[in-house]
1. Please compute the Kirkwood hydrodynamic radius over region 696-838, one decimal place, Å, based on all pairs of different Cα atoms.
2. D for region 763-882, whole µm²/s, Stokes-Einstein with Kirkwood Rh over alpha-carbon pairs at 25 °C and 0.890 mPa s: what number?
3. Quick one: pull the percentage of alpha-carbon pairs in region 920-1066 with a separation above 21 Å.
4. Can you find, among L607, G858, N269, the residue sitting farthest towards the positive end of the charge dipole of the chain, where Lys and Arg contribute +1 and Asp and Glu -1 at Cβ?
5. Where does the charge balance sit around G788 when Lys and Arg score +1, Asp and Glu -1, over other residues with C-beta under 15 Å from its C-beta?
6. Work out the P(r) tail for region 644-709: percent of alpha carbon pairs separated by more than 19 Å, whole number.
7. Please give me the summed charge of the neighbours of S567: other residues whose Cβ is under 15 Å from its Cβ, Lys and Arg +1, Asp and Glu -1.
8. For the chain, what is Rg from Cα atoms divided by 2.2 N^0.38 Å, rounded to two decimals?
Amino acid sequence: MRKEIKLTLAVAATLSVFDVAGVRAHDTESGGFLMTHAEVSTGSPAPQSTNAATRTIEGTVVDKTTGEPLIGATIQVKGQPTSGTVTDVDGHFKLSYKTQKKDVILMVSYVGYQPKEVPVEGVTDLKIELDASAQSLNEVVVTGTGVQKKVSVTGAISSVSGAELKTSASTLTQNLAGKFAGVYANNTSGEPGSGAEFYIRGISNFAGKSATPLILLDDVEISAGDLNYIPAENIKSFSVLKDASATAIYGARGANGVMIITTKGGDYNTKTKINVTLENSFNFMGKLPEFADGATYMEMWNKASLYRNPNEPLKYTDEMIERTRSGINPYLYPDVDWQNVLFKKMAMRQRGNVNVSGGGSKVKYYMSLEFLHETGHYKTEKLYSWNNQLQNYNYTFQNNISYKLTPTTTISMNMNAQIHQNTRPNVNADNFFASVMDMTPVEFPTTFPAREGIDHVMFGCYDKGGGNFSDNPYAQLRTSFRQENSNTVNTVIKLNQDLDMITKGLNFNVWVNFKSWSWSGYTRSVEPYLYYINSSHQATEDWQDTMFMPLRAGTSGSKYISQSDISKASDNTFELQANLNWLRSFGEHELNAVAIYRMREYRNKVLPNRNQGISGRVTYDYGHKYLAEFNFGYNGTERLAKGYRFGFFPAGSIGWVISNENFWAPISPVVSYFKVRGSYGLVGSDDMTPVGSNLYFFYYDQIYQNNLSALGFQTGAGASLGVSESFGGPQMIYYGLTNLGWEKVKKFDVGVDIRLFEDLNITLDYFCDKRYDILMARQSWPSSLGYGAATPYGPVGRITNKGVEGSVTYSKALTSDLSVSFNGNFTYNKNVLVEGDELQYKYPWLYSTNLPLNYMRGYVAEGLFQSEEEIANSPTQDLGSRVMVGDIKYRDLNGDGRIDTDDQTMLSSYGTTPRLQYGFGATVNWKRWDFGFFFTGSAKRKIMINNMQPFSAHGWGGSPRNVMQWVVDNHFDPELNNFDAEFPRMGLGTNDFANNNEPSSFWLRNGDFLRLRNLELGYSFPICRIYVQGINLVNFTSFKYWDPEMGSWNKYPTQSSVTIGAQFNL
């Protein structure tokens, strides 16, 4: 049977090899092809100079990732259409050409691969590596400890290129939301330098325990903090491994999934390429809660007082309110907009990235240097010897180099170095944003005007009585300073040895990794001079006098700077891994086997933490139709007792490429690719430390603070007689578990991969994870057993997490000038606590078993009380305050006539963690223009907004709290009887509103949102591209109080930014 091979020639003609002059192909016994005579004729010969020399060059063309030879690849001399050839069955070619030039360039192309130009100056034997095109099934996917062609993958793996992650956000993890099916990412802070919280396929462990996946950079483990500052320009591929077949090979570390980042490495036989990116971003403060002004605050205070205690005198007179509203004397009658005082609307970010890549016949390299500088939104200025504006300086250096020692031996080194410096006021950012709520606008001005003879800033404060004074957040902003420096150096040295001399396809790889992290920090401050006003100041007849003298707050203030010692911390990591790989094809049979040994040592104190293990993988592929894979990990941990330290974690998967069957041919023009796959396996984790505990070795008993006399007692007649003695003994806080084993997860996945019309790719997966042997406190054990503070633990927890995910990609060139692409994905998951050790409750709705891990619990609200009669005829609500008309009415679930904690139940199966997350976007290219957008969304999530009570003395330093504008606009007013108000009857203290502050369905809000995450417009010149990019420009949500992605009002809000940038390719 004769077979045709389609070749795409560099001259843009697609020909059958039987149509190429002088080329013949005939069947071999194995079903392959034998190429003979490799001269391509495409027309009349081009005239050659009589002085041109004839040169001959040989080489091979292979798949860059797998090393497999590419049969029938086209090689042509650039500018000489008559000089060309194709590779033979071994990927080998031999080409003769005439030229007077030394810098000849070969053009190499192959169907399903990206074309490549290769300079051949001074080289006579080439090894040319081609990258598979993104839409090709020959494209490889990074899997556990290796790569596989996309067509052969049976596990659940998502992969994107670094270019798809590139935005102007300050950290890489802020770009993960909506980019991968199966990956949840939440940006819970907009503070410069902050990263996103991210996890794979939802959370399948208790709140507070780590759900962060294993993150590998060029095979070595890194932290989420390290990942934040890896430039997208450096990333070749970013893969997410989600099911057991992909993660079991990592044993103890793969229970939460695996992220694999592969950096670029240059190419052999290529000219040096220099790429430069320069950006400047204008960052704008995101949505913050809106607060009342001073006069409105006073009026609301008086209302709250009248609503609860109508006979009490009002705190603020009409005269005081009017004077505050007029603003004539802002020091005696202040009206402070704390948001405007503390924060500015815009900040800046600058980023520059330079990378150089290339290679010769024996060496290839990639080097990158990135600088990032970002400022915060604090309104501050240099008063002392420091600038305490929030600033981040980050330097990231990547150096990858590979050298061929021999034709079969390659040594390489990848080094990632990160240098960070952060300066800011010595106050947590969230505290500053909380102070806007926790400070009233009328208690004191930020500062008083300068006085003759006073050489310091006079900061305002509030007299709380008894010689105690409130803090001033503006003073904290101006008079404190903190600097932190950190450095990370992560280096891996690899040796790769082909062992074809033993048997074809055998390869040995070993690498060693050294990682060092260090941190230092110190603080400086000046005690501010605080001043306050009292009623005597406001009683003066000349109330418009702005130069009155306030009272000094005790002995506050100093002219001298105080500073801390330098605090330091560091850790070191050493890793070693050795791989033995075998890849061999026998006709349509392809076998791949991998055996791995790995050990890791982490040290941040005297005793290091160690683990080690072996793992392996065997894959079988028959004709790209029938696929099977088996993985295992056999891992050991020192955290468990002898006899329980090692665990065996197997996994298997199978796949069937139905579209490669003969019966599929009639519908192949429509459904060109269809694969079904499934996997099942077991993975383990030794990260079992209970929440709130610092346990490392689980089999040792622990005593309180290692103090042998923590429990003291006396004996004898008594101290007064001088005959007593004091003794002490240890207090047990944990009893070791000598028979504790690994925490385990059974993972099941079934999925389909579909390609329609050669342009539309669809992937769908269903997954189910069953985690068991989760270590948790034995809450059901009564304290009468005598264990005291040493609450017993046991591996009794069980959690099930299941869901569906999918992705769609489309890419098509509509004309020679116009192309479009689209991508979208979604992930939906639901987890359930199947079994847990809980207290013994009287009512079933009090248990958490069989409920989601992240749910909202509270009272069921039945609206607001509408009459005293309704209050009298309702169950008693003794929750800390006297109930009045307009207060929240709760449902008595157990019917005992009282509202107490026994009446709390699950209000919503959704919590702040989204059940559904998705993303979609598109790119259009027309001639030199490009335009793209990307949306991300989170759905099926709730936000509880209780604890919004104004006026209570729970603010910054005990100051009364501010009032949000939505409370002003829509609170219950007994004169209006607006029982549909969003806020119940107000009060001045917990004795007034404790009933209303409880978590309940009254305060439950929809936290869904859809955000325009990225919008970009660019234009390309011959050597550069300029672009404008917008980040977080629009947010669609029904939640109107603050940015719902933050979850809480007292967070540094998400930043919207506009970036102007230029990319140069030299």
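Every read-out reported here was derived from the displayed coordinates using simple, explicitly stated rules and does not represent laboratory data. In this text the structure is predicted, and so the values were computed from the model without any measurement. We place every Cβ from the backbone using ideal geometry, glycine too, and count neighbours over all the protein chains shown.
1. 21.2
2. 121
3. For region 920-1066, the fraction of Cα-Cα distances above 21 Å is 60 percent.
4. Going by the charge dipole, the pick is N269.
5. Summing Lys and Arg as +1 and Asp and Glu as -1 gives 0.
6. The share of Cα pairs beyond 19 Å in region 644-709 comes to 65 percent.
7. With Lys, Arg at +1 and Asp, Glu at -1, the net is 0.
8. It is 1.11.
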